Amino acid sequence: MKNLAGAAGEPPPIIFREVTAAYGAEPVLDSFSLEVLPGEILTVIGHSGCGKTTSLKLINGLARAQSGSVTVFGQEVGALGPKQLIALRRRIGYVIQGVGLFPHLTVWKNITYVLDLLREEREQSRQKALSLLGLVGLEPELLRRFPRELSGGQRQRVGLARALAFSPRLLLMDEPFGAVDGITRAQLQRLLLGLHRDLRPTIYFITHDIGEALALGDRVLVMRRGRIEQLGPPAEIRERPASDYVRQLTDTIIYKK
Ligand SMILES: Nc1ncnc2c1ncn2[C@@H]1O[C@H](COP(=O)(O)OP(=O)(O)OP(=O)(O)O)[C@@H](O)[C@H]1O
Ligand SMILES: [Mg+2]
């Protein structure tokens, strides 16, 4: 598959500028500013409710900023109309916990759902599904199975294949590997790193597992109560935690070993 890396000097695919977002009185994101760099894996970690999923929803326009702006592929998301939002979402691959595979569609149709929407030819779509299955390390026999006939790890792989179907330059992943056992999870993490090395999409990867955040991220964003607690490469997070909060997060790993 072609290399998806942008040319050097490409602008950040995602820019948050001083974003405040709230569902009620309390801000969920508070003066949140961030540039996600082209081709990087940015892992986002923080306690439940700190605003991780909300930050992701701001990227694809499922949530709106009260103030500040979110710019994706050079377009200000808050200023887009419904059709432009749909067009933007079609340029983004999603992998979400529990996957959200369509239960009544086969693996083939699940994977090529977006392509079928784009009216791809049947044989072309089958070939594409097969090549995507190969990409995520699944056997061709699985093509005609339904999601209920797959293991949790296989489902996650299908979810990843679907997200990659149209070679997106941006992947949004929200705790994608949370529901599988440790060994399967490690396999999926290796798979993702391999795919990233080959295809170089930008990946916004939310996790509540600090081990996963440090292992996968080119940079790690530690969030706390809607704010950025620390942003930096894994080694910096580990060796120079900016606060007791970050130190406590990384300490949980050290205690495990
Ligand atoms: N649609 C909504 N309506 C009202 N409040 C919401 C809504 N979605 C999220 N919230 C609240 O906003 C806060 C942040 O939620 P968010 O989903 O961004 O957290 P998170 O960091 O992804 O947490 P988790 O790790 O549990 O997934 C939480 O207090 C949550 O209850
Ligand atoms: Mg969440």
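Classify the range 1-98 as rounded, prolate or oblate from the Cα gyration tensor: take a ≥ b ≥ c as the square roots of its eigenvalues, call it rounded if a/c is under 1.5, otherwise prolate when a/b beats b/c and oblate if not.
Because a/c hits 1.5 or more and a/b exceeds b/c, the range 1-98 counts as prolate.
5 Å is the cut-off here: which amide hydrogens, built 1.01 Å from N in the peptide plane, fall below it relative to Tyr94, excluding neighbours closer than 5 in sequence?
HN-HN under 5 Å from Tyr94: Leu172.
Suppose each label sits 7 Å from its Cα in the direction of the beta carbon; what would the Ala235-Ser167 distance come out to in nanometres?
3.4
Run the numbers on the range 14-256 and let me know its relative contact order in percent, using alpha-carbon pairs under 8 Å that are six or more apart.
The value is 27 percent.
Determine, for Phe205, Phe73, the number of other Cβ atoms within 10 Å of each Cβ, and report the residues in order from fewest to most.
Values: Phe205 26, Phe73 14.
Result, fewest neighbours first: Phe73, Phe205.
Once you have the alpha carbon radius of gyration of the range 14-256, what is it after dividing by 2.2 N^0.38 Å, with N set to its residue count?
On the way: Rg = 18.2 Å, N = 243, 2.2 N^0.38 = 17.7 Å.
With N residues counted in the range 14-256, Rg over 2.2 N^0.38 Å equals 1.03.
For the range 54-66, what does the Karplus curve 6.51 cos²θ - 1.76 cosθ + 1.60, with θ = phi - 60°, yield as ³J(HN,Hα) per residue in whole Hz, taken in order and with x for Gly and Pro?
Working through the residues one at a time gives 4, 4, 5, 5, 6, 5, 9, x, 7, 10, 10, 6, 7 Hz.
Relative to the longest principal Cα axis of the chain, at what angle does helix 152-164 sit, 0 to 90 degrees, rounded to 10?
With rounding to tens, the tilt is 90 degrees.
When only alpha-carbon atoms count, how far does the range 103-183 stretch along each of its three principal axes, as whole angstroms with the largest first?
Principal-axis extents of the range 103-183 (Cα, largest first): 38, 29, 22 Å.
Fewest Cβ neighbours within 10 Å first, please rank Ser33, Ser125 accordingly.
Values: Ser33 13, Ser125 20.
Starting with the residue having the fewest Cβ neighbours, the order is Ser33, Ser125.
Expressed as an acute angle from 0 to 90° and rounded to the nearest 10, what is the orientation of the C-alpha long axis of helix 244-256 relative to the principal long axis of the chain?
Tilt relative to the chain: about 50 degrees.
Can you compute the helix-only [θ] at 222 nm over the chain? Use -39500 (n - 2.57) per DSSP H run of at least 4 residues, normalise by all residues, nearest 500 deg cm²/dmol. Can you show the working numbers first?
Values: 9 runs with 98 residues, N = 257.
Dividing the helical sum by the residues of the chain leaves -11500 deg cm²/dmol.
Would you mind pulling out the separation of the Cα centroids of the range 197-232 and the range 20-66, in Å?
After rounding, the separation between the Cα centres reads 13 Å.
Cut-off is 10 Å between beta-carbons; in what order do Thr71, Thr43 appear when sorted fewest neighbours first?
Exposure proxy ranking, most exposed first: Thr71, Thr43.
Could you run the Karplus curve 6.51 cos²θ - 1.76 cosθ + 1.60 with θ = phi - 60° over the range 125-135 and give me ³J(HN,Hα) per residue in whole Hz, x for Gly and Pro?
Computed from phi, the couplings for the range 125-135 are 5, 5, 4, 5, 4, 4, 5, 5, 4, x, 4 Hz.
Any read-out appearing in this document is the output of simple, stated calculations on the displayed coordinates, not a laboratory observation. Please read all numbers here as calculations on a predicted model, not as lab measurements. Note that each Cβ is placed from the backbone with ideal geometry, even for glycine, and that neighbours are counted across all protein chains shown.
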